[in-house]
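Working notes, structure below.
The values are calculated or read from the model by the stated rules, or taken from the named source; none is laboratory data. For clarity, every value in this text was computed on a predicted model and none was experimentally measured. With ideal geometry, Cβ positions are generated from the backbone for all residues, glycine too; neighbour counts draw on all protein chains shown.
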2 protein chains.
Amino acid sequence: MKTNITVSYIDELIKERLPRERDKVLQAMEYMLFSGGKRFRPMLLLNTAKAVGKRISDGAKNLAVALEFIHTYSLIHDDLPCMDNDDMRRGKRSCHMQFGEASAVLAGDALLNLSFETVLKGPLSNKSYQTACVYMFKMSGIEGLVHGQSLDLFGETKNIDDATELAIAKTGTLIRAALVCGALVGGASEEEARIFDEIACKLGVCYQIVDDILDSKKCEKSFLDVYSESDLIDHVKELNEEIKAACDKLPYDLEFLKEFCDQNIARRR
Amino acid sequence: MKTNITVSYIDELIKERLPRERDKVLQAMEYMLFSGGKRFRPMLLLNTAKAVGKRISDGAKNLAVALEFIHTYSLIHDDLPCMDNDDMRRGKRSCHMQFGEASAVLAGDALLNLSFETVLKGPLSNKSYQTACVYMFKMSGIEGLVHGQSLDLFGETKNIDDATELAIAKTGTLIRAALVCGALVGGASEEEARIFDEIACKLGVCYQIVDDILDSKKCEKSFLDVYSESDLIDHVKELNEEIKAACDKLPYDLEFLKEFCDQNIARRR
């Protein structure tokens, strides 16, 4: 599937949804929003919505931008000294290094809040959109992303099950939001949404494994704690086959998901 | 107006809306949610909804609980070392002193997210409820509470106008959310909602002035920087009269708002 859903297309959607007033906190938000992110979560959401529903609705656009706001807030807060204490992000100074810790906390808060404001501008009376909104904020909250960060800080990674649980909670949740919300606003059935969810969990694990391999010097908790690199690559290849088989069970052109699998494993130089 | 909207009534509404699973972050959320807050924001919201609409709808309950979640998240983040650096809150150790900074950041994030999950469980297809949700999250975001915290950290208080702007942004915003959202879900007209909003701004200023007087040792930015205590008390009395006159313009029994004015000024021993 050839698509016009590019990074600059997403950038425009984001810009349209940013507040107008100038403020130090907004500067910090923009700094991190436009710091070279790959935008793969909103792209997955929009591509899924388009594959399922044959078009990109305003609801899908709002959800896609909200998802990128959530992702960006989580990066800002995760980088804080009391969390992962990262001075650099995407080759640039992290938000708190550039603007100070107080502004970074507020920029994260404001982005999470703005993600709500953004979905509230969508077609709230539409049942599929409502279900998608509920799912997105379940995935970003204490049962999703916040739980993932809590596991990362306070949990233990003793075996592949622990590492998988952490990867699904930390990395899988927003990919689940992307695929399931995209599918729902595209008009997928409940059963189809469930299959998209399974695919998303596996994508999250594959993505985290490659991240851990690329990042092997830095990560505290890592798949490399429990498996060797070659075993992990075999595991990703197996999961990729399962993902592709699941895509083939669905009556949609999901070439972009298969490409995502291949591109992910190719990130390993 | 005699009402059964008590602290314990609000406590029950909150408990019904908390997630079930046990987690360190949830403990930190509960610690701060049940640390002796006066619950005056949800009480104002529910009393306004009842005065205007003659009943307390499920939508009003969800908004009231969401508002207390927002207020509680803001306290947790405001107390952080990089913000106001408060070790104590309501006579107890602040959240980060009790659970560590990382848990406090996550607990705040989770509460803000939960506020949204809570409003998403309300009657989303109802237009007044939609308008109320939009208003609430406008008041809590970069145009509201976050802006207030930013002004408090980075702004200057040179005169009464600066101090008033800060008070409306920092303290007024969630009182505005309480009154306007309560009025909207109760069925108030746009013009009536506007009057409630004016009342709320003045209530926010009055509340902050009394807080500044009670807190005179601690506050960095304060009304006491620009006016003497006795001038401030006169100012509160004037504003209280204006609030009561505005209440009398509305066709509802707003005795609880007049009582709130009197109780506020009586906080000064």
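Here are the numbers for the structure shown:
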quantity: Region B:119-129, subset without any contact (Cβ under 8 Å) to a residue 40 or more places away in the chain and part of a helix (DSSP H, G or I), residue surrounded by the most Cβ atoms within 10 Å (Cβ to Cβ); calculated: B:120
quantity: Residue in region A:93-103 that is under 19 Å from the mean Cα position of the chain (by Cα), crowded, with 24+ Cβ neighbours inside 10 Å, more than 13 Å from chain B (Cβ to nearest Cβ) and within 20 Å of residue B:153 (Cβ to Cβ) present; calculated: yes
quantity: Test: residue in region B:25-34 that is more than 14 Å from chain A (Cβ to nearest Cβ), more than 19 Å from residue B:257 (Cβ to Cβ), in contact (Cβ under 8 Å) with a residue 12 or more places away in the chain and of a type in the set (Asp, Glu); calculated: no
quantity: Matching residues in region A:35-82 - criterion: being over 23 Å from residue A:108 (Cα atoms) and among the acidic types (Asp, Glu); calculated: A:58
quantity: Among (1) facing another protein chain (nearest Cβ under 10 Å); (2) surrounded by fewer than 23 Cβ atoms within 10 Å (Cβ to Cβ); (3) hydroxyl-bearing (Ser, Thr, Tyr) - the single one residue B:57 does not satisfy; calculated: (1)
quantity: Test: residue in region A:250-259 that is more than 30 Å from residue A:124 (Cα to Cα) and touching an Asp or Glu at 6+ places or on another chain (Cβ under 8 Å); calculated: no
quantity: Selection from region B:4-24 of residues that are part of a loop (DSSP other than H, G, I, E, B) and either under 21 Å from residue B:173 (Cα atoms) or more than 14 Å from chain A (Cβ to nearest Cβ) (or both); calculated: B:4, B:5, B:6
quantity: Members of region A:194-252 that are of a type in the set (S, T, N, Q) and closer than 25 Å to residue A:42 by Cβ; calculated: A:208, A:240
quantity: Candidates A:160, A:209, A:175, A:199 - the one that is surrounded by fewer than 24 Cβ atoms within 10 Å (Cβ to Cβ) and β-branched (Val, Ile, Thr); calculated: A:160
quantity: Single residue of A:106, A:67, A:80 found to be more than 8 Å from every other protein chain (Cβ to nearest Cβ) and modelled with pLDDT of 95 or more; calculated: A:67
quantity: Filter pass, residue B:70 being touching a Phe, Trp or Tyr at 6+ places or on another chain (Cβ under 9 Å), buried (at least 22 other Cβ atoms within 10 Å of the Cβ) and in a helix (DSSP H, G or I); calculated: yes
quantity: Subset of region A:130-161 that is in a helix (DSSP H, G or I) and among the polar types (S, T, N, Q) - its residue that is nearest to residue A:233 (Cα to Cα); calculated: A:149
quantity: Test result for residue B:157, more than 16 Å from residue B:69 (Cα to Cα), more than 7 Å from chain A (Cβ to nearest Cβ) and without any contact (Cβ under 8 Å) to a residue 60 or more places away in the chain; calculated: no
quantity: Condition broken by residue A:49, with the remaining ones in (1) touching a residue at least 60 places away in the same chain (Cβ under 8 Å); (2) over 28 Å from residue A:248 (Cβ atoms); (3) not acidic (Asp, Glu) satisfied; calculated: (2)
quantity: Hey, residue A:232 within 30 Å of residue A:55 (Cα to Cα), outside any loop (DSSP other than H, G, I, E, B) and either hydrophobic (A, V, I, L, M, F, W, C) or in contact with a His (Cβ under 8 Å, 6 or more places away or on another chain) (or both) or not; calculated: no
quantity: Test for residue A:75: is it within 14 Å of chain B (Cβ to nearest Cβ), part of a helix (DSSP H, G or I) and under 18 Å from the mean Cα position of the chain (by Cα); calculated: yes
quantity: Selection from region B:132-143 of residues that are crowded, with 24+ Cβ neighbours inside 10 Å and either more than 8 Å from chain A (Cβ to nearest Cβ) or touching a strand residue (DSSP E or B) at 6+ places or on another chain (Cβ under 8 Å) (or both); calculated: B:132, B:136, B:139
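For every residue, the table says whether it meets (1) within 18 Å of residue B:61 (Cβ to Cβ); (2) touching a helix residue (DSSP H, G or I) at 6+ places or on another chain (Cβ under 6 Å); (3) touching a residue at least 60 places away in the same chain (Cβ under 8 Å).
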| position | (1), (2), (3) |
| --- | --- |
| B:91 | no, no, no |
| B:103 | no, yes, yes |
| B:117 | yes, yes, no |
| B:132 | yes, yes, yes |
| B:148 | no, yes, no |
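Residues are listed down the side, and each one gets a yes or a no for (1) more than 10 Å from every other protein chain (Cβ to nearest Cβ); (2) at pLDDT below 95:
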site: B:115; (1), (2): no, no
site: B:130; (1), (2): no, no
site: B:145; (1), (2): no, no
site: B:187; (1), (2): yes, no
site: B:200; (1), (2): yes, no
site: B:217; (1), (2): yes, yes
